[in-house]
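The values are calculated or read from the model by the stated rules, or taken from the named source; none is laboratory data. These numbers were taken from a predicted model, which means no experiment stands behind them. As a convention, Cβ positions derive from the backbone with ideal geometry for all residues, glycine included, and neighbour counts pool all protein chains shown. What goes into the accessible areas is simple: the full protein's heavy atoms, side chains included, and nothing from ligands, DNA or RNA. Shrake-Rupley method; radii C 1.70, N 1.55, O 1.52, S 1.80 Å.
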Amino acid sequence: MMLFVLDNLIWPILLVAFILFSVLLPEIFTQYRNIQFLLYMSAGLGAITLAEAICLISGNFDLSVGSVAGFSSMFTALFLTKWFSGAPSIVGILVILAIGGLIGFMNGFFIAKFDVNPFLQTLSALIVFEGGILVLSTRSVYDLPQNYLWLGGGEVSLGGLLPQPVPVAVIFILGLFVAVWFVLMKTRFGRAVYAVGGDEESSAEAGIDTDRIVISVFVLSGMLAATGGLLLTGFNGGATPTLGTAQLFPAFTAAVIGGVSLFGGRGNVFNALGGVLLLSTIAAGLVMLNIDPQIVQTINGLVLFAAILLYTFVQKTRGRLLSDL
């Protein structure tokens, strides 16, 4: 029972945070529209957190997820408005996913085939593609096709089940978490990802093609990061030069505070969703309390520090409990 609580500690923490802001902001924080917006603003970060989480589970880091989201979004925005204006929206979606997947393949290929350190490889990718955004455009790109923006900015009615239409992004990100959870927990590929993250050498000896798994993980990470960029584009109504670039550390924090192991081989993506919701709850609450933006940035840093301390505490406690069994 204690192990279950430790592995799912994010949800009690999220509940405490929600209750705290509900007390500090009575009749405001718990309004349906506010809760809906909180979920809506979590969608883009949620996809980027998934990108980071799957890499961490495989025993790797991906520091490029934010820049991949931003670069793929800007590239596709220019593709749809300047280079191939009039192209169908579905082509734009395929392009953004292809760009993310291609960058992920590049990262995974050098890490798997040339044994490049994941931290250094993805750090270089972060720098290259963050600069690449400004090479593409220093201005925001709007006037994108509405169908292209629909996934991140549209709304659907659920036949009167809820008092207001629900953002498509909320439904989509929940479905995406379910899909990634299913792949990781119920498929041979997912089991191989956990195995490689736990012990790559033993996995290779057991017959797992570790290079293929690592490359596949980074391709998936790139596509998930690009999906986050697509959702953020719809949320903002266009692609901006800073879109996604500030999402790396929140995504990393959400994954870690959600219990995804820094050393690979363990973690539940649903708990990473809890981490995303916690960060969004804190951000929304601080904005409603009119906290200075600079102080909000400091608090976000403290949350990351607290997440690392919490992770260390949980790991030590978990180890003691397992040794007593």
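At 7 Å along the Cα-to-beta-carbon direction for both residue 33 and residue 102, put a label point, then send me their distance in nm to one decimal.
Each label point lies 7 Å from its Cα, and together they span 4.3 nm.
Classify region 124-250: rounded, prolate or oblate, from the alpha-carbon gyration tensor (a ≥ b ≥ c, eigenvalue square roots; a/c under 1.5 rounded; otherwise prolate if a/b is larger than b/c)?
Oblate is the answer for region 124-250, as a/c is 1.5 or above yet b/c matches or exceeds a/b.
Check the straight Cα-Cα distances from residue 113 and name the lysines below 29 Å, setting aside those fewer than 8 residues away within the same chain.
Of all the lysines, those that pass the test against residue 113 - Cα under 29 Å, at least 8 places apart if same chain - are 186.
With the other protein chains left in place, how much accessible area per residue, in square angstrom, belongs to the chain at a 1.4 angstrom probe?
Spelled out: the 1.4 Å probe surface of the chain, per residue, equals 47 Å².
Using a Gaussian network for the chain with springs between C-alpha atoms less than 10 Å apart, which of these wobbles most: 153, 197, 301?
301
Between residue 185 and residue 17, what is 0.36 nm times their sequence separation minus the Cα-Cα distance? Round to one decimal in nm.
Length gained between residue 185 and residue 17: 57.6 nm.
Over the heavy atoms of residue 155, what accessible area does a 1.4 Å probe trace out, to the nearest 10 Å²?
We get 110 Å² for residue 155.
Solvent-accessible area of residue 311, probe 1.4 Å, all protein chains present, reported in Å² to the nearest ten, please.
20
Which whole-number percent is the relative contact order of the chain (Cα, under 8 Å, 6+ apart)?
33
Nearest 500 deg cm²/dmol is fine: what mean residue ellipticity at 222 nm does the chain get from its DSSP H runs of n ≥ 4 alone, each adding -39,500 (n - 2.57), divided by its residue count?
-24500 deg cm²/dmol
Which FRET efficiency value, to the nearest 0.05, do you get for residue 127 and residue 201 by plugging their Cβ-Cβ distance into 1/(1 + (r/R0)^6) with R0 = 41 Å?
The pair residue 127/residue 201 has a calculated efficiency of 0.85.
Could you give the length gained by full extension between residue 137 and residue 174, i.e. 0.36 nm per residue of separation minus their alpha carbon distance, to one decimal place?
10.1 nm
Full-extension gain between residue 263 and residue 287, please, as 0.36 nm times their residue separation minus the C-alpha to C-alpha distance.
5.2 nm
Per residue and in Å³, how big is the convex hull formed by the alpha-carbon atoms of region 45-158?
119
Radius of gyration and Dmax for the chain's Cα atoms, expressed in Å?
In Å, with Rg to one decimal and Dmax whole: 19.7, 65.
Could you work out how far apart the two model spin labels at residue 164 and residue 84 are, taking each label as a point 7 Å from the Cα in the direction of the beta carbon, and quote it in nm?
It is 3.7 nm.
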